[in-house]
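A.B. asks: Okay, here's the structure, questions in a sec.
The values are calculated or read from the model by the stated rules, or taken from the named source; none is laboratory data. All of these numbers come straight from a predicted model, not from anything done at the bench. Backbone-built Cβ (ideal geometry, glycine too); neighbour counts: all protein chains shown.
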Amino acid sequence: MASVTYENVTKRFGEVVAVNNMNLEVQDKEFLVLVGPSGCGKTTALRLLAGLEEVTHGNIYIGDRLVNDIAPKDRDIAMVFQSYALYPHMSVYDNMAFGLKLRKTPKAEIDRRVKEAAEILGISQLLDRKPKQLSGGQRQRVAVGRAIVREPAVFLFDEPLSNLDAKLRVQTRAELAKLHLRLGTTFIYVTHDQVEAMTMATRIAVMRDGILQQLDTPQNLYDHPGNVFVAGFIGSPSMNFFDATLVESDGQLFVDGGSFRLEVPEDKIAPLLPHKGKEVIFGIRPEDIHAKPFVPPGIAKADMKADVDVTELMGNEIFVYCLTGNKSFIARVDPRLRARPGEQIELALNMANMHIFERDTELAII
């Protein structure tokens, strides 16, 4: 097993900087997810580790070994691609065994590894079939099995679930998490889907425009985003943002958004005082906006009135798209709320979970 280290890694394609001075350490046996929007550099970072792209500047280590100039086949990694890339004329067994045959692995060892991987993935009954006889989920399992039989130090996954339907994605997510626990190997996984990242990762690395924005556990990223981009990317639906000003009145501090004024809880005032009178970005997650009279007890609530624009009944909750002034935002509220578009409703915001960002730098203040 092995750790992975990116040390000041930069990758340029002509004038385009795909990965910009990336420093990242992936711990042994960790499940690290690289997440970000399309074009952020996450797949390029993975391909640099795999040896499919050359590093422009910096070093990449697998364990203590510098791998910049080592051929992909000798890096002790296995990669699962977005496309299954199975050989259509070969059986499942032969697809999984092909890489081992090229390495001239003994036949008995190939048979052991293939059957063991098939057992782990629940595809033992499919070993004689051709890829065209398999469903999308089964093909994806075969692609994962082909990686498992290599018994590598590091597994690399490049958006392996993007071709599956929604229900199968949820099921396969859980299977990959269990597979990681069972194999006890380092997993590095690339996705644009923050739900996949939150549900599977030991830690998440959020990328934007080739730059690593923040690296932390899923819960810490959700609770303590370092900037507006991370705050808006992690969480579904994403965080609501309002342009506001911090104002003081009668010894209290308020977030003033023009169409609303929200009192800041006492324990949040101290770090905000240096920004009193300044324009800031106020952030609040949809799940921290509650409809009266369904407000949970014990929250640091501040009241707001808003007009209902659209409602989406989800069964266990309602997404209410609201308007305050000319600003639209989303609230996740109790399904017992009876609100119709065009009506005005009273909301209570849990200010204990509010976020304040600097207007210019978009960095978190609290």
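A.B. asks: Which pairs turn up if I take residues in region 72-96 that are without any contact (Cβ under 8 Å) to a residue 24 or more places away in the chain and look for partners that are part of a loop (DSSP other than H, G, I, E, B) and among the small types (Gly, Ala, Ser) with beta carbon separation below 7 Å, at least 6 apart in sequence or on another chain?
C.D. replies: These pairs meet every condition: 72/51.
A.B. asks: Something else now. Filter region 58-79 down to the residues that are touching a Phe, Trp or Tyr at 6+ places or on another chain (Cβ under 8 Å), surrounded by fewer than 22 Cβ atoms within 10 Å (Cβ to Cβ) and either modelled with pLDDT under 95 or within 22 Å of residue 202 (Cα to Cα) (or both) and list them by number.
C.D. replies: If the condition is that a residue be touching a Phe, Trp or Tyr at 6+ places or on another chain (Cβ under 8 Å), surrounded by fewer than 22 Cβ atoms within 10 Å (Cβ to Cβ) and either modelled with pLDDT under 95 or within 22 Å of residue 202 (Cα to Cα) (or both), then 78 is the only one that fits.
A.B. asks: Then there is this: Step by step: first the residues of region 128-164, then only those that are of a type in the set (D, E, K, R) and outside any loop (DSSP other than H, G, I, E, B), then the one that is surrounded by the fewest Cβ atoms within 10 Å (Cβ to Cβ). Which residue is that? Steps first, please.
C.D. replies: So in region 128-164, the residues of a type in the set (D, E, K, R) come out as 128-130, 132, 139, 141, 146, 150-151, 158-159.
Still in the running and outside any loop (DSSP other than H, G, I, E, B): 132, 139, 141, 146, 158.
Working: 132: 9, 139: 23, 141: 25, 146: 25, 158: 21.
The residue in question is 132.
A.B. asks: Can you pull out every residue in region 55-64 that is touching a residue at least 12 places away in the same chain (Cβ under 8 Å) and either under 16 Å from residue 186 (Cα atoms) or among the charged types (D, E, K, R) (or both)? Steps first, answer last, please.
C.D. replies: We begin by selecting, within region 55-64, every residue touching a residue at least 12 places away in the same chain (Cβ under 8 Å); these are 55-63.
Selection gives 60, 61, 62, 63.
A.B. asks: Suppose the filter is under 17 Å from residue 243 (Cβ atoms), exposed (fewer than 13 other Cβ atoms within 10 Å of the Cβ) and of a type in the set (Val, Ile, Thr); does residue 324 pass it?
C.D. replies: Values: under 17 Å from residue 243 (Cβ atoms): yes; exposed (fewer than 13 other Cβ atoms within 10 Å of the Cβ): no; of a type in the set (Val, Ile, Thr): yes.
Judged against the criteria, residue 324 is not a match.
A.B. asks: Go over the candidates 156, 161 one by one and state the one that is closer than 30 Å to residue 99 by Cα and either touching a Pro at 6+ places or on another chain (Cβ under 6 Å) or modelled with pLDDT under 95 (or both). Show your work before the answer.
C.D. replies: Working: 156 fails: either touching a Pro at 6+ places or on another chain (Cβ under 6 Å) or modelled with pLDDT under 95 (or both).
Result: 161 is the single residue among 156, 161 that is closer than 30 Å to residue 99 by Cα and either touching a Pro at 6+ places or on another chain (Cβ under 6 Å) or modelled with pLDDT under 95 (or both).
For every residue, the table says whether it meets (1) in contact (Cβ under 8 Å) with a residue 60 or more places away in the chain; (2) out of contact with any Leu (no Cβ under 7 Å at 6 or more places or on another chain); (3) assigned by TED's automatic domain parsing to the domain that holds residue 9.
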{"residue": "163", "(1), (2), (3)": "yes, yes, yes"}
{"residue": "169", "(1), (2), (3)": "no, no, yes"}
{"residue": "174", "(1), (2), (3)": "no, yes, yes"}
{"residue": "178", "(1), (2), (3)": "no, yes, yes"}
{"residue": "181", "(1), (2), (3)": "no, yes, yes"}
{"residue": "191", "(1), (2), (3)": "yes, yes, yes"}
{"residue": "195", "(1), (2), (3)": "no, yes, yes"}
{"residue": "202", "(1), (2), (3)": "yes, no, yes"}
{"residue": "207", "(1), (2), (3)": "yes, no, yes"}
